[in-house]
Amino acid sequence: MGILVNIHPSMGAPIAAALRSMAPGETVWEHRDQAVAGEVEAMLAWSLKPGVLGSYPNLKLLFAPSAGVDKLLVPDLPGGLPVVRTVDPQQHVEIAQYVLGTALRHTRELELFAEQQRAGQWLRRPVRAAAQCRVGILGLGEVGRFVARAMQAVGYPVAGWSRSARELPGIAVHSGPQGLRDMLARTDILVCALPLTPETRDLLDRRTLSLLPRGAYFINVGRGEQVVEDDLLTLLDEGHLAGAALDVLREEPPSPDNRAWRHPKVFGTPHIAAQASAQTIAGQCLASLNRLRAGQEALNAVDLSRGY
C-alpha cells in the first residue's frame with residue numbers, strides 16, 4: 001500500500017522526496033500511470049476531475065497540499081472519504097506580506113519609478129499617504145485578520161466584511177449584502193481573502209466591482225473563481241480600476257493567451273502568496289494517514305458541508 005502524489009512534477013517532486021525521506025518504508029508514486037490503483041491508500045492532489053477517484057477502491061485519504069480544497073470537491077467524491085487540508089503555520093504571515101507588498105507597490109507608485117529609472121528620468125512625485133487609502137478586506141478569518149493588522153501597522157485605515165457580524169478592535173466590520181455594498185463604496189484597495197464556496201463563486205463581477213470608487217486597486221489572494229475576470233478586465237480597460245494584483249486565476253496555469261495573466265494593468269504571480277514547504281505537506285499527510293490506519297480521525301479534515 002502507498003501514497004500517490006497526483007500533482008504536477010514541478011510541485012509534486014519535492015513532496016514525493018520529502019515523503020520518502022520521512023517514511024522510507026512507504027511506497028510513493030509520482031504519476032498515476034505508475035501507481036497500482038488497488039494499493040493507493042492516500043492521494044495528494046491540487047485538483048481533480050470527475051471520474052478519477054473511482055479507480056482507487058482502497059483510498060483512505062485525499063490530501064490537499066494547500067489550505068483550500070475547493071478543486072478536490074468533485075461530484076463523485078466517495079462518501080466518508082476524509083478530505084484533509086494543509087495547515088501552514090506561516091500562511092497568514094506570508095499572505096500578509098504579499099498583500100502589504102503589492103499595496104505599497106501601488107500606493108507608492110513603485111512601478112512608475114521603475115519605468116522612470118529605465119528611461120533615465122530623475123523625477124519626484126508627491127507621496128500618497130497611506131491614511132488616504134482605505135483598505136477593505138473580504139474575509140475575516142485568521143488570514144484576513146492578520147492582513148488587517150499588518151495594513152493597520154503601516155498606516156492604512158482598514159474595514160472588513162464577513163458573512164456574519166463580528167467585532168474586531170479598530171476595524172469597521174460589515175456583513176451581509178448591504179454591508180458589502182457599503183464597504184465597497186468606501187474602499188480604495190480591495191483585498192479578497194475569502195474561501196471559495198457556492199456563495200463566493202463569481203461574487204466579484206462588474207456589478208460589485210463597479211461599486212468601488214474610481215481609481216481603486218484590487219488584490220486577490222483568495223481564489224480565481226471568485227472573480228469574473230472579463231468584468232475585471234473591462235473595468236481596468238475603462239479606467240474605473242487603476243490596477244490589480246492577482247495571485248490566483250480561474251485557469252492555473254494560464255493559457256498563453258490568457259488576458260488576465262498578460263494585461264498591462266495586472267501584476268500577476270503564480271499562486272505564491274503563501275507556499276507550505278514540501279516537508280510541512282509531507283509530514284501532515286503522513287500524520288493523517290497513520291491516524292486513519294490506527295482507526296483515529298485525520299487531522300485538519302474539511303467540513304464538506306462548508307467546503308473548508
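The values are calculated or read from the model by the stated rules, or taken from the named source; none is laboratory data. Computed from a predicted structure; not experimentally measured. Heads up, the Cβs are rebuilt from the backbone with ideal geometry, glycines too, and the neighbour counts pull from every protein chain shown. Protein only, heavy atoms only, side chains kept; ligands, DNA and RNA dropped before computing areas. Shrake-Rupley method; radii C 1.70, N 1.55, O 1.52, S 1.80 Å.
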| request: Within 10 Å, count the other beta carbons around each residue, average over each peptide in 5-13, 104-112, and list them highest first. | output: 5-13, 104-112
| task | Please report how far the C-alpha centroid of region 1-62 lies from that of region 162-184, rounded to the nearest whole angstrom. | result | 41 Å
| query | Say each of Ala17 and Asn258 gets a label point 7 Å from the Cα, pointing the same way as Cα to Cβ; how far apart are those two points in nm? | reply | 2.5 nm
| note | In the chain, taking the dipole from +1 charges on Lys and Arg beta carbons and -1 charges on Asp and Glu beta carbons about the Cα centre, the listed residue (Gly141, Gln296, Gly215) farthest towards the positive end is Gly215
| request: With an 8 Å cut-off on Cα pairs and a minimum separation of 6 or more residues, tell me the relative contact order of region 16-119 in percent. | output: 18 percent
| query | Using helices alone, what [θ] at 222 nm do you get for the chain, with -39,500 (n - 2.57) per DSSP H run of 4 or more residues, divided over all residues and rounded to the nearest 500? | reply | -9500 deg cm²/dmol
| Pulled fully out, how much extra length does the chain show between Asp237 and Gln117, if you take 0.36 nm times their separation in residues and subtract their Cα-Cα distance? | 40.6 nm
| note | The percentage of the accessible area of region 258-298 (probe 1.4 Å, all protein chains present) made up of carbon and sulfur atoms, to the nearest whole number, is 47 percent
| If you count the DSSP beta bridges with both ends in region 140-270, what percent of them are antiparallel, to the nearest 5? | 5 percent
| field | Proximal charge balance of Thr197 [Cβ under 12 Å; K/R count +1, D/E count -1] | value | -1
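Net charge near Ser47: determine it from the other residues with C-beta under 10 Å of the C-beta of Ser47, scoring Lys and Arg +1 and Asp and Glu -1.
0
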| Which distance in Å, rounded to a whole number, links the C-alpha centroids of region 198-239 and region 251-276? | 15 Å
| said: So with the 1.4 Å probe, I'd like the accessible area per residue for the chain, rounded to whole Å². | reply: 48 Å²
| In whole percent, how big is the carbon plus sulfur part of the accessible area of region 112-233, probe 1.4 Å, protein atoms only? | 51 percent
| query | Build a GNM of the chain with springs between Cα atoms under 10 Å: which of Asp231, Asp182, Asp33 gets the top mean-square fluctuation? | reply | Asp33
| query | So how strong a dipole does region 25-67 carry about its Cα centre when Lys and Arg Cβ are +1 and Asp and Glu Cβ are -1, to the nearest 20 debye? | reply | 220 debye
| Under 13 Å, Cβ to Cβ, from Trp29 - net charge with Lys/Arg +1 and Asp/Glu -1 | -3
| If you put +1 on each Lys and Arg Cβ and -1 on each Asp and Glu Cβ, how big is the dipole of the chain around its Cα centre, in Debye rounded to 20? | 860 debye
| To the nearest 20 debye, what is the magnitude of the charge dipole of region 61-170 about its Cα centre, counting +1 on the Cβ of each Lys and Arg and -1 on the Cβ of each Asp and Glu? | 500 debye
